[in-house]
1. Taking the condition touching a residue at least 24 places away in the same chain (Cβ under 8 Å), surrounded by fewer than 20 Cβ atoms within 10 Å (Cβ to Cβ) and either closer than 30 Å to P449 by Cβ or β-branched (V, I, T) (or both), does M185 pass?
2. Looking for whichever is surrounded by fewer than 18 Cβ atoms within 10 Å (Cβ to Cβ), within 30 Å of S346 (Cα to Cα) and modelled with pLDDT of 90 or more here; the options are I444, I394, I402. Which one fits?
3. Filter segment 8-23 down to the residues that are surrounded by 16 or more Cβ atoms within 10 Å (Cβ to Cβ) and under 16 Å from S36 (Cα atoms) and list them by number.
4. Identify all residues within segment 348-363 that are exposed (fewer than 15 other Cβ atoms within 10 Å of the Cβ), farther than 17 Å from V156 by Cα and touching a residue at least 24 places away in the same chain (Cβ under 8 Å); write none if there are none.
5. Would it be correct to say that P407 is closer than 20 Å to R135 by Cβ, in contact (Cβ under 8 Å) with a residue 24 or more places away in the chain and either assigned to a loop (DSSP other than H, G, I, E, B) or in contact with a His (Cβ under 7 Å, 6 or more places away or on another chain) (or both)?
6. Just to check your reading of the model, which residue among A174, A243 is in a helix (DSSP H, G or I), closer than 16 Å to A107 by Cα, modelled with pLDDT of 85 or more and in contact with a Pro (Cβ under 7 Å, 6 or more places away or on another chain)?
7. If I419 meets every condition in (1) at pLDDT below 90; (2) of a type in the set (V, I, T); (3) within 21 Å of A361 (Cβ to Cβ) apart from one, which number is that one?
8. Collect the residues in segment 375-386 that are surrounded by 20 or more Cβ atoms within 10 Å (Cβ to Cβ) and either of a type in the set (G, A, S) or under 21 Å from the mean Cα position of the chain (by Cα) (or both), keeping them in residue-number order.
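The values are calculated or read from the model by the stated rules, or taken from the named source; none is laboratory data. Remember, it's a predicted structure, so these values are computed and weren't measured experimentally. Counting neighbours? That spans all protein chains shown, and the Cβs are built from the backbone with ideal geometry, glycine included.
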Amino acid sequence: MTVAALFILLFAFLFLGLPVAIALGLSSLVTILFFSDDSLASMALKLFETLSEHYTLLAIPFFILSSAFLSTGGVAKRLIRFAVALVGPVRGGLAMASVLACMLFAAVSGSSPATVAAIGSIVIAGMVRTGYPERFAAGVISNAGTLGILIPPSIVMLVYASATEVSAARMFMAGFIPGIIMGLMLMVAIFFAARFMRLPSQPWQGVREVVVSGLSATGGMLLIVIVLGSIYGGVASPTEAAAVSAVYAFLIAVFGYRDIGPLKAAPWRHAAEPPGRAVARNLAQMALALPRSFAHPEVRQVVLDAAKISIMLLFVIANAMLFAHVLTTERIPHQIAAAITGWGLSPWVFLLMVNVLLLMAGNFMEPSAILLIMAPILLPIALRLGIDPIHLGIIMVVNMEIGMITPPVGLNLFVTAGITGRSILWVVRAALPWLLILLAFLAIVTYVPQVSLFLPEYLDHLRGYK
């Protein structure tokens, strides 16, 4: 009775058009009031425990703030220039460079829509100007942007880690190789499509351009080393690394690249100015500008936008935690696990059912809400069948990637539609051929566990020698 009431209320509230967060919290509240022996005090206690015990959740607003500074500044533009210098001369190279730029930006942002917005707003128009069909360009970016939640650091991985209490650092490690494989699969598909469609290539600009563009993009790429290096090296936890990334992104956007803030467009060195004098002048400028930068309208707007996104996401997480609390109190996941295990399903059949279920859910719900609802239900079953929770997490994240480009709630579709000025239906048709590559990639990740588990297990092995 309690199980039926909880899920009927949830879907009824969603059908009535309530936001997902409200539907989760309200269905949990009504179930406890009328269908459960639990007390309302337990809900307050659960919220307090979520704030005090789920330390990893603090990383989410920090990564969102870091992504906001990098998206607003010129990091994306410099990463694109470096990617074009590397692979541009190949036929279809600009599209391949767009995928590479998405991979690099994903490693500093942790957000799929932010990756599409930052990279797509530059490269889609650039591809059209150089002779690419607009539908081809939009489809590539919509799909490549999903790497934002697979290549670490990933906000969605942090949500899964909080919901299942697995190590966020191990989730980050597990997502690294799959992210590279998916990017390479997209680039290989672009290469063959470009030869078939006779798409243009970019002129080779020489080794000097590769070096110069690489040095220009170093400010953004260094964040990858700082965040992932500190986590994988055991120097910092994901939350600590996220805090460092937010401070670094602020410094690189305001004082490094000077794309926003009081020093916007101020040159590092004037013509014929001695290097020593330029260094002294810049240090003086930064010292004087630091107090003013916090009150600068552009900086304040970036912080405000990041705060809005963080509050929205954390509100969804808080209500989903209440929903998960009701599930756990009523032992619903354990009952479902026992029932499904009793069917005698093999692990590969169970994983097939998981993929079908998550692909259907991804059409209608936001990734974080899906993970917070489904992970506590699916994890006990996976453990009974001998499936590694990290492997299950990567499978769920890849499903969430696909959900970002499937209507009617695919966020990447809306971002791409906003960039191109086209309808959602047009963007769906543009993204559909590339979706087949993601489905093939999902099959690889699902049934070849070592794609996800090799790196965390290898690093654990190295630490064992120490």
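1. Numbers: touching a residue at least 24 places away in the same chain (Cβ under 8 Å): yes; surrounded by fewer than 20 Cβ atoms within 10 Å (Cβ to Cβ): yes; either closer than 30 Å to P449 by Cβ or β-branched (V, I, T) (or both): yes.
Criteria met by M185.
2. Values: I394 fails: surrounded by fewer than 18 Cβ atoms within 10 Å (Cβ to Cβ); I402 fails: surrounded by fewer than 18 Cβ atoms within 10 Å (Cβ to Cβ).
Just a single option satisfies the conditions, and that option is I444.
3. Within segment 8-23, L9, L10 meet the criteria.
4. Matches in segment 348-363: W348 only.
5. yes
6. A174 is the lone residue from the list that is in a helix (DSSP H, G or I), closer than 16 Å to A107 by Cα, modelled with pLDDT of 85 or more and in contact with a Pro (Cβ under 7 Å, 6 or more places away or on another chain).
7. For I419, the failing item is (3).
8. A375, P376, A382 - these are the residues of segment 375-386 that are surrounded by 20 or more Cβ atoms within 10 Å (Cβ to Cβ) and either of a type in the set (G, A, S) or under 21 Å from the mean Cα position of the chain (by Cα) (or both).
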